[in-house]
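Okay, so here's the structure we're looking at.
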Amino acid sequence: MTPTVLAESRKPTIFRGEPGPDPIKWLKEYQKVSLYNRWDDTMQLANVYFFLDGTARKWYENNEDNFTSWTLLENGLKAAFGDTQTYVRRTKDRLKSRAQQPGECIQSYIQDVLELCKQAEPNMPEEDKVSHLMKGVAEDLFQALLARDVQTSADFTRWCLYIEEMKQKRLRSCKFERLPNVVPIAPNDEVTDLMSLIRQVVREEMQHVFSQPLNIKKPELQSIEAIIKDEVDRSLATITSQPITSNQQFFSSAQRPTLKTPRRPTTYAARSPIIVPPPQYEAQRKTDL
């Protein structure tokens, strides 16, 4: 006897009765889960309490005695929380403002827009679906799709996937221009940070610039020296070429200090040596003896 393997039961999402979520959409999900789990109407009515929360659970508890069948509960849930006009109006507002976000893949954008189209108008024409898809798609894809024949949402999806595939195959161009005679950086998988790459390039460029000798042209220096010399000569010529008036000559002579002839050092004749005569002694007298 072969043992019977029981499939794992599925669980629907929780319905809270808050503004925004569509109760009709939740009921469809609940019925799909019930079909997978093989729940009949009695099992659906018995299990629905465990998937209600917040306002929806309070509503169920207040009206539990009236729900004698699944059909009564389904109709009561639609009447209490299923304001179809309000839900459709909110869905249309979201559809009008839906645009592809930066970094969002094209497939996610397409499926979200198609879901909003179905909720806003289940039988929406393909032309309107394409219009909603085109108005919010990224600018580069929009420009590429203008040259394509897009009649249905399937065409839109096919061309978008093709363009995205071609963009991934295209080589990325260098975003900066190198100086001449500079060795390019070899591809390195470890260099993923843009700031690190910029620092590396700047170091190489600065090293290349400062490694070259400073070539100053000598003729330029000579021309500068000649210009300075010429200007000095012109200034001196302007000063010396002015005539001197009599008053200027008088004041210049009056203010000019008189120069005295320096005194010559006095020379003295060589002094002759003084001769001292020898002392003379008087002869002794006889009386002195």
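Which value results when the Cα radius of gyration for segment 1-122 is divided by 2.2 N^0.38 Å?
1.30
Just to be sure I understand the model, the point goes 7 Å from the Cα along the line to the Cβ. What's the resulting residue 35 to residue 97 distance in nm?
3.5 nm
Return the subset of 78/118; 78/135; 25/135; 25/92 for which the Cα-Cα distance in this structure is over 24 Å, preserving the input order.
Correct reply: 78/135; 25/135.
Would you work out the charge dipole size for segment 109-156 about its Cα centre, treating the Cβ of every Lys and Arg as +1 and the Cβ of every Asp and Glu as -1, and quote it to the nearest 20 debye?
The calculated dipole for segment 109-156 is roughly 20 debye.
Can you list the equivalent-ellipsoid semi-axes of segment 51-147, largest first and in whole Å, using the square root of 5 times each Cα gyration tensor eigenvalue?
Its equivalent ellipsoid spans semi-axes of 39, 14, 10 Å.
Give me 132, 208 ranked fewest to most by other Cβ atoms within 10 Å of their Cβ, as a rough exposure proxy.
Ascending Cβ contact count within 10 Å gives the list 208, 132.
At q = 0.13, 0.16 Å⁻¹, what is the base-10 log of I(q)/I(0) for segment 1-72 according to the Debye formula with one equal point scatterer per Cα and no solvent? Please give it to two decimals.
So the normalised log intensities are -0.42, -0.61.
In square nanometres and to one decimal, what's the mean projected area of the convex hull around the Cα atoms of segment 47-94?
Value for segment 47-94: 4.0 nm².
We did not get these values from a lab; they are worked out from the coordinates using the rules stated. Keep in mind that this is a model prediction, so the values were computed, not measured. All Cβ positions, glycine included, derive from the backbone under ideal geometry; neighbour counts span all protein chains shown.
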